[in-house]
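Below is one structure, written out as structure tokens; comments come after it.
Every number here is computed from the coordinates shown, using simple stated rules; none is lab data. Keep in mind the model is a prediction, meaning the values are calculated, not measured. Heads up, the Cβs are rebuilt from the backbone with ideal geometry, glycines too, and the neighbour counts pull from every protein chain shown.
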Amino acid sequence: MVYAEILAQAKKNMKSCCACPICDGRACGSTIPGPGAKGSGDGARRNYNAWRDIRIAMDTIGSNEPLSTETNLFGRRFALPLFAGPVGAVQMHYGDYLDEATYDQILVRACNRAGIAAYTGDGANAQIMEAGLSAIAAENGISIPTIKPWDMQTVEQKIDQANNAGAFAIAMDIDAAGLPFLRGNASSAGRKSPEELARIVRMSHVPFIVKGIMTPAAAMKVRDAGAAGIVVSNHGGRVLDGCPATAEVLCSIVDAVGNDMTILVDGGIRSGVDIFRALALGADGVLVARPFVTALYGGQEVGVMALAKKFQNELADAMFMCGAHDIAGINRDMIFNA
Ligand SMILES: Cc1cc2nc3c(=O)[nH]c(=O)nc-3n(C[C@H](O)[C@H](O)[C@H](O)COP(=O)(O)O)c2cc1C
């Protein structure tokens with residue numbers, strides 16, 4: 001199945017998403033529920049555009065060594081530094097073609113087969129996170145459940161569930177309090193104090209990752225709370241209108257905490273060349289969310305694996321053309337505008 005066929009099929013199966021050849025946030029605008037961004041809808045577009053402004057420093061004069069995209073993250077070996085990002089409440093956002101359990105089962109299994117891992121999502125309905133945890137347990141824990149910043153009692157229950165499912169890492173999208181559809185929920189998602197965050201990190205039996213970090217100051221608070229990593233993310237523009245793009249803030253966050261924690265980034269990453277750009281800026285890995293949804297709705301397991309392979313081939317090509325033989329060999333000298 002070629003990627004164009006996957007997109008054509010996805011367009012038929014999805015509500016609210018146009019399955020565009022380039023997922024740049026223009027067609028979906030501010031459609032929430034749906035895959036759009038909050039307010040003006042500018043956040044997703046800005047994320048996408050910012051990667052385009054980083055140009056690659058091609059240099060094909062040098063040694064010819066075998067090339068590997070493999071990497072170690074959170075104690076596991078992966079085929080490339082790529083994760084499928086968490087997407088919760090798929091029926092609310094994309095219509096009834098797939099239920100949460102089916103979506104999570106396919107995503108977690110396909111990512112596992114592609115040599116990467118998926119994050120699973122959370123939502124107002126408890127069954128959303130439970131669907132992810134069942135899929136994770138079925139795949140021997142090779143996935144990362146992502147918990148919303150609910151009240152502390154609910155967070156504790158959900159971390160217990162994630163520990164019991166055997167996940168190899170656990171995440172919290174700490175920025176989710178800004179999601180329009182979570183406002184007024186019974187378990188109210190909200191801000192967390194540094195002390196509460198440190199307690200949450202200690203509840204996890206495995207590496208804990210905080211997703212939704214956009215400033216060096218916030219990254220330092222996460223480090224001081226004892227987390228293993230962060231995802232530099234503005235939730236694809238879905239939690240606060242007017243944020244900068246993630247590519248615009250990544251360098252300053254890497255410079256502040258890059259030696260202390262694993263730094264992942266998401267938002268508008270749409271190719272292996274974009275993964276190369278993110279790694280050159282200092283990220284250890286990336287998450288891609290919306291394009292994996294499209295790949296899954298259009299091609300199920302085959303679609304997800306095809307997208308992961310496409311990213312790997314594009315990343316390997318950029319590495320080859322710049323003289324990076326392994327992931328650690330990618331550096332800021334390989335890009336302009338850093
Ligand atoms: C429909 C939809 C649902 C999402 N659900 C979650 C979620 O449950 N948890 C989470 O941490 N992020 C969630 N996200 C945010 C994504 O994980 C990701 O941070 C964001 O979309 C940026 O990546 P992208 O530009 O590759 O899509 C969701 C995004 C979309 C579009």
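Quick notes
- Selected residue [away from the ligand (no atom under 11 Å from the Cβ), loosely packed, with under 14 Cβ neighbours inside 10 Å and not aliphatic (A, V, I, L, M)] from ASP99, ASP42: ASP99
- Residues in segment 132-191 that are among the hydrophobic types (A, V, I, L, M, F, W, C), farther than 25 Å from GLN105 by Cβ and crowded, with 23+ Cβ neighbours inside 10 Å: ILE174, ALA189.
- Per the conditions (1) within 16 Å of the ligand (Cβ to nearest atom); (2) over 13 Å from LEU107 (Cβ atoms); (3) surrounded by 22 or more Cβ atoms within 10 Å (Cβ to Cβ), the sole criterion not satisfied by VAL293 is (2).
- Selected residue (only one of ALA167, ALA118 is touching a strand residue (DSSP E or B) at 6+ places or on another chain (Cβ under 6 Å), part of a loop (DSSP other than H, G, I, E, B) and either among the hydrophobic types (A, V, I, L, M, F, W, C) or at positive phi (or both)): ALA167
One line per residue, one yes/no per condition, for (1) within 14 Å of the ligand (Cβ to nearest atom); (2) closer than 21 Å to LEU182 by Cα; (3) touching a strand residue (DSSP E or B) at 6+ places or on another chain (Cβ under 9 Å):
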{"position": "GLY95", "(1), (2), (3)": "yes, yes, no"}
{"position": "ASN112", "(1), (2), (3)": "no, no, yes"}
{"position": "ASN125", "(1), (2), (3)": "yes, yes, no"}
{"position": "SER134", "(1), (2), (3)": "no, no, no"}
{"position": "GLN153", "(1), (2), (3)": "no, yes, no"}
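- Among residues of segment 208-230 being assigned to a loop (DSSP other than H, G, I, E, B) and not aliphatic (A, V, I, L, M), the one that is nearest to ILE159 (Cα to Cα) is GLY226.
- PHE181 vs. criteria touching a residue at least 60 places away in the same chain (Cβ under 8 Å) and away from the ligand (no atom under 16 Å from the Cβ): no
- Residues (in a helix (DSSP H, G or I) and within 12 Å of the ligand (Cβ to nearest atom)) located in segment 245-290: THR246, ALA247, ASP274, ILE275, ALA278, ARG290
- Count of segment 257-270 residues, restricted to those that are surrounded by fewer than 18 Cβ atoms within 10 Å (Cβ to Cβ) and of a type in the set (Gly, Ala, Ser), is 1.
- Once segment 53-68 is narrowed to residues that are surrounded by fewer than 14 Cβ atoms within 10 Å (Cβ to Cβ) and not acidic (Asp, Glu), the residue that is farthest from ASP326 (Cα to Cα) is ARG55.
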